[in-house]
Amino acid sequence: MASRFLAPTMSILVGILLLFVHTSPVGAAGEVYKDPNQPVEARVQDLLQKMTLAEKIGQMTQLERENMTAEIIKNNFIGSLLSGGGSVPKTNATAKDWVDMINEFQKGAMSTRLGIPIIYGIDAVHGHNNVYKATIFPHNVGLGASRDPDLVKRIGAATALEVRATGIPYAFAPCIAVCRDPRWGRCYESYSEDHTVVQQMTELVTGLQGDAPSGYPEDYPYLGGKTKVVACAKHYVGDGGTVKGINENNTLIDWKGLLDIHMPAYPDTIRKGVGTVMISYSSWNGKKMHANYDLVTTHLKGVLKFKGFVISDWQGIDRITYPEHSNYTYSVEASINAGLDMIMVPYNYNEFIGILTQLVQKNYVSMSRIDDAVARILRVKFVAGLFENPYADLSLADQIGSKDHRELAREAVRKSLVLLKNGKNSNSPLLPLPKKSGKVLVAGSHANNIGLQCGGWTITWHGTPGNNYTTGTTIFDGIKSTVDPGTKVIYRNNPSDKFLKDTKFDYAVVVVGEVPYSETQGDNLNLTIPQPGLDTVQTVCKNIKCVVVLISGRPLVIEPYLSDMDALVAAWLPGSEGKGVADVLFGDFPFTGKLPRTWFKRVDQLPMNVGDAHYDPLFPFGFGLETHPAAAAKAQ
Ligand code: GLC
């Protein structure tokens, strides 16, 4: 059965296997799989044939690190662990804390009969965001606004270094969702509503994994050594197309629409050697993706020739049935037979392993299906070099939050900003702001708050407001350090009308927006600017010339208030380097960002995407005013 998936590249694989036939000392006491000079496929087949069913099923099992021990790993031949959102060895854990934890787990795996190393995965989705003092890059929606694939590749490379610094060889990124409705709580994880932008941003895979050398087998998982990490294209497929953006819900679209809108970036990631693909919680026309043989096996593994491993989402198989986990035996059978290779269980390993063992012994799941899954997992582990280097070290510890990475993140912030309005009429632009002036007001809840500017998936799963969860520069910090020393900068979160009337300000920067969220928690049907942000905008802007900087994972309702604003900047979720906002506000760099998503007038227009027959946006996909350095110089 496995040979059917590899037919299109059989010539390449035959070549690899022929190498094995001609060069391998077949009688070498069966140690082929331990010999890094042997072809990967030869090592895979050699190891596979040695493995018991228990060892095979253990490889297909991924568990959460919490409450995990080396003993459990050893006794159950566990193949993978993960950190779920916010799951850390301890608060403010250092690189050493991470490396020690992972090496302890690895000892359990390496002490098994065959010594198959675990692969540890984490959601490094905008930098190594679980980790204290790591560089936090703008979320994907902001990177989509940059339209800069090379920037995204460099971000991938920087992220890989910080992930490896903590001993982790696998990141659950990029999310290549094509978000079609901003009411979806994960829309900020999507680069764009337009698949062509998402396709460009698959350069993150190359940044994370490295560039495969010329002549490397096509569509074959690749990893460029100990400074790179295995990537994960997610969530296959159609996660961004659900009804009303309801998370994990149903994507109602015909086959052509699925292929044209939600599928195109997957072949790009496969061509770039992506090691893994994660399945979406959502359904396609009522069929759960986690149980969809046609899309997972026939299409992804057959037509697209994907040769890495397919992993479930967190308790993704439990949600095949409703209420979830109500028929776990069916969940296991349906998902494995659909073509999933590794299951993010992530806790009830005895139940999962017991049921899958029973299903194989009763032939409800074939051994060839198990062998296909395990071969794929071993392939990625061999390519990742884990057999040669199972243990992590601290050689990259200084990469975490390094100056270079923070400068890269600051560049990304600059390129992500989209200027939507500049002056109440076109011949009186407000931006770039003058660095020299008397007194400047910085207002708003999001002006001086790293947690708010980072958004979800930062230190904790949902993100947390505040300045002491990690390090970086707030937007206020950036403004203070950018303006002329003689300019007085005053911060007020939500200034009163009286204060504003009593104090003469030359202009105000008002920074407001959404509070952090992730996944279903972020689903939102009204998309209004949360209070007191809206009040702050209205109070300040009716008294002072104001530029509003909106911190959000998506477009929000602004049409009714636009006329109050002298200027408006969409800053998305910029991450830890807020200084990048000031770089552009004050003209050291131009505004270049372009909307990666349609900016609606009213929520009742949704879903509304570029190319729709009836398209009546406030600001269209691709919109973005520009400023020029010359203007900046004049403004000083
Ligand atoms: C989450 C997300 C997925 C993430 C996984 C592990 O529920 O859906 O994107 O990679 O679980 O944290």
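The values are calculated or read from the model by the stated rules, or taken from the named source; none is laboratory data. Predicted model only: the values in this text are computed from it and were never measured. Positions of Cβ are generated from backbone atoms using ideal geometry, with glycine treated the same way; all protein chains shown enter the neighbour counts. These accessible areas exclude ligands, DNA and RNA; they are computed on the full protein's heavy atoms, side chains included. Shrake-Rupley method; radii C 1.70, N 1.55, O 1.52, S 1.80 Å.
Look at the dipole of the chain built from charges on Cβ: of L527, A42, A570, the Cα furthest out on the positive end belongs to A570. Can you tell me the relative contact order of the stretch 249-345? Whole percent, Cα pairs under 8 Å, sequence separation 6 or more. Result for the stretch 249-345 is 29 percent.
When you count the other C-beta atoms within 10 angstrom of each residue and take the mean per peptide, 561-573, 184-196, 33-45 line up highest first as 184-196, 561-573, 33-45. The angle separating the long axis of helix 95-110 from the principal Cα axis of greatest extent in the chain is about 20 degrees. Toward the positive end of the charge dipole of the chain, with +1 on the Cβ of Lys and Arg and -1 on the Cβ of Asp and Glu, the farthest Cα among L143, V512, P182 is that of V512. The mean sequence separation of alpha-carbon pairs under 8 Å and at least six residues apart, normalised by the residue count of the stretch 136-295, gives a relative contact order of 27 percent.
Against the chain, whose longest principal axis comes from its Cα atoms, helix 328-338 is set at around 90 degrees.
Rolling a 1.4 Å probe over the protein heavy atoms of the chain, with every protein chain left in place, gives an accessible area that is 54 percent carbon and sulfur. Volume per residue of the convex hull around the Cα atoms, evaluated for the chain, comes out as 143 Å³. Based on C-alpha pairs under 8 angstrom that are at least 6 apart in sequence, the chain has a relative contact order of 16 percent.
Of the cross-linked pairs K436/K501; K288/K594; K498/K545; K421/K542; K256/K601; K421/K579, those separated by over 27 Å at the C-alpha level are K288/K594; K256/K601.
Taking 4.7 Å between beta carbons as the limit, the unpaired Cys residues of the chain are C175, C232, C454. Modelled this way, with points 7 Å down the Cα-to-C-beta line, the labels at A397 and R271 are 4.2 nm from one another. Assuming charge only on the beta carbon of Lys and Arg (+1) and of Asp and Glu (-1), the dipole of the stretch 277-320 about its Cα centre is about 140 debye to the nearest 20.
Evaluated with a Cβ-only charge set (Lys, Arg +1; Asp, Glu -1), the chain carries a dipole of roughly 940 debye about its Cα centre, given to the nearest 20.
Peptides 88-97, 574-583, 336-345 ordered by packing proxy, namely the average of other Cβ atoms within 10 Å per residue, highest first: 574-583, 336-345, 88-97.
Partner aspartates and glutamates whose Cα lies under 13 Å from the Cα of K244, excluding those fewer than 8 positions away in the same chain, are identified as D181, D523, D604. Around the Cα centre of the stretch 417-635, unit charges on the Cβ atoms of Lys, Arg, Asp and Glu (plus for the first two, minus for the last two) sum to a dipole of about 760 debye. In the chain, the longest principal axis of the Cα atoms and the axis of helix 403-416 are about 60 degrees apart. For the pair Y364 and D211, label points projected 7 Å from Cα toward Cβ lie 5.0 nm apart. The residues of the chain expose on average 34 square angstrom of accessible surface per residue, using a 1.4 Å probe on protein heavy atoms.
A helix-only calculation puts the chain at -9000 deg cm²/dmol for mean residue ellipticity at 222 nm, using -39500 (n - 2.57) for each DSSP H run of at least four residues, averaged over all residues.
Applying 0.36 nm per residue to the separation of Q605 and D254 and subtracting their alpha-carbon distance, the gain on full extension is 124.2 nm. Given a cut-off of 28 Å, name the pairs among K56/K153; K50/K381; K415/K504; K226/K287 whose C-alpha atoms lie farther apart than that in the structure shown. Beyond 28 Å: K56/K153; K415/K504; K226/K287.
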